[in-house]
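The numbers here are math on the coordinates, done by the rules we state, and not lab data. Note that this is a predicted model, so its numbers are computed, not measured.
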């Protein structure tokens, strides 16, 4: 259980990082790419939290 909790924490931290970078980016395509990546990390974290 510790390993999955750590993975969830890492995925959520990566999502926050990508969202922060997308707000700072000046390029519209780069903002969209980072926003999509943040959503992907959030989905992965949610999937790891679900019981099997």
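Here are the numbers for this structure:
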quantity: Contact order normalised by residue count of the chain, Cα under 8 Å, 6+ apart, percent; calculated: 49 percent
quantity: Estimated [θ] at 222 nm from DSSP helical runs (n ≥ 4, -39500 (n - 2.57)) normalised by residues in the chain, nearest 500; calculated: -30500 deg cm²/dmol
quantity: C-alpha long axis of helix 2-24 to longest principal axis of the chain, angle in °; calculated: 10 degrees
quantity: Rg over Rh [alpha-carbon atoms, Kirkwood Rh] for the chain; calculated: 1.10
